[in-house]
1. Being closer than 17 Å to residue A:103 by Cα, touching a Ser or Thr at 6+ places or on another chain (Cβ under 6 Å) and open to solvent by 30 Å² or more (accessible area, probe 1.4 Å) is the requirement here; does residue B:6 meet it?
2. Might you check whether a residue that is under 15 Å from residue B:101 (Cβ atoms), of a type in the set (S, T, N, Q) and over 15 Å from the mean Cα position of the chain (by Cα) occurs anywhere in region B:31-48?
3. If you scan region A:55-103, which residues turn out to be facing chain B (nearest Cβ under 9 Å), open to solvent by less than 10 Å² (accessible area, probe 1.4 Å) and in a strand (DSSP E or B)?
Amino acid sequence: DGGITQSPKYLFRKEGQNVTLSCEQNLNHDAMYWYRQDPGQGLRLIYYSQIVNDFQKGDIAEGYSVSREKKESFPLTVTSAQKNPTAFYLCASSISGQGGGQPQHFGDGTRLSIL
Amino acid sequence: LAKTTQPISMDSYEGQEVNITCSHNNIATNDYITWYQQFPSQGPRFIIQGYKTKVTNEVASLFIPADRKSSTLSLPRVSLSDTAVYYCLVGVKGGYQKVTFGIGTKLQVIP
C-alpha cells in the first residue's frame, strides 16, 4: 500500500542534542511538509518542499533544518537551538504544491520528548 | 488567504447525524473546501473536498451553498469511532499557498 512512513514513533532528546526524524513516502508525490502539533492546538508548518533539492521555511522554522535529496525522503532535524522541542511532529505529502485545496496525505507522527 | 471559523467542540449521541459548519466569508473564486479528520496520536486524514453544491462519498457529505461563504460537513449516523477532531481548510489546488490547520472541531460521540 502507498503511504507515508514516519519513524521513530517516539523519540527522546537530551539537552543540547540534535535529533533527526525520518519521513519516507512511496506515493510519488512532489511536495512534502513538516508540521508541529502541540496539545490541543492545530498544526503549524515548519518546512515544506515542492520539489527535490528545494525547500522553504514555514511559520516556525527556527531551530529546525531539513533536506530533500530524494523525492521519497524529507528528514527533519530538531537542533539544540529549538528550545521547546516537545511536540507531536507530522509529515505530509501532496501531488503538487500546498494549495490548501490539494489533499495532503499524512504519516502517523513522531512524538518527541525532552529527557 | 481565506480564513475559516468552525465550532471548537460538539457532542452527539451515537446514531445521530452530525453537521459541522465552517465559515469562510472571504473564499476566493478558485478555492476548494477540504475537510480532514484526526484521531488522537495520528495524522489528519482527508475526508472530502468540494467546490460547490453537494459532494458525497462513503464517509460523509459536504454541502456548499451558492455563495460558498460557508460549508457543512455531514456525518450520517455517527458511532463512537467518529470521535475525532475535524478540520476545515480552504485553498487553491495548484501552486503553493500558505494554509493553516486551525484548532478544528472536536467531536465527541456519546454512547
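1. For residue B:6, the condition - closer than 17 Å to residue A:103 by Cα, touching a Ser or Thr at 6+ places or on another chain (Cβ under 6 Å) and open to solvent by 30 Å² or more (accessible area, probe 1.4 Å) - is not met.
2. yes
3. Hits for region A:55-103 are A:90, A:91, A:92.
Let's see how each residue does on (1) outside any strand (DSSP E or B); (2) crowded, with 19+ Cβ neighbours inside 10 Å; (3) touching a helix residue (DSSP H, G or I) at 6+ places or on another chain (Cβ under 7 Å):
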| position | (1), (2), (3) |
| --- | --- |
| B:33 | no, yes, no |
| B:48 | no, yes, no |
| B:55 | no, no, no |
| B:71 | no, yes, no |
| B:81 | yes, no, no |
| B:90 | no, yes, no |
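Residue by residue, here is whether (1) within 11 Å of chain A (Cβ to nearest Cβ); (2) touching a residue at least 12 places away in the same chain (Cβ under 8 Å); (3) hydroxyl-bearing (Ser, Thr, Tyr) holds:
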residue: B:43; (1), (2), (3): yes, no, no
residue: B:48; (1), (2), (3): yes, yes, no
residue: B:51; (1), (2), (3): yes, yes, yes
residue: B:57; (1), (2), (3): no, no, no
residue: B:60; (1), (2), (3): no, yes, no
residue: B:68; (1), (2), (3): no, yes, no
residue: B:92; (1), (2), (3): yes, yes, no
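The values are calculated or read from the model by the stated rules, or taken from the named source; none is laboratory data. As the structure is a prediction and not an experimental result, all values here were calculated from the model. So basically every Cβ, Gly included, is an ideal-geometry build from the backbone, and we count neighbours across all protein chains shown. Each accessible area value is taken on the protein alone, full model and side chains, heavy atoms only, with ligands, DNA and RNA left out. Shrake-Rupley method; radii C 1.70, N 1.55, O 1.52, S 1.80 Å.
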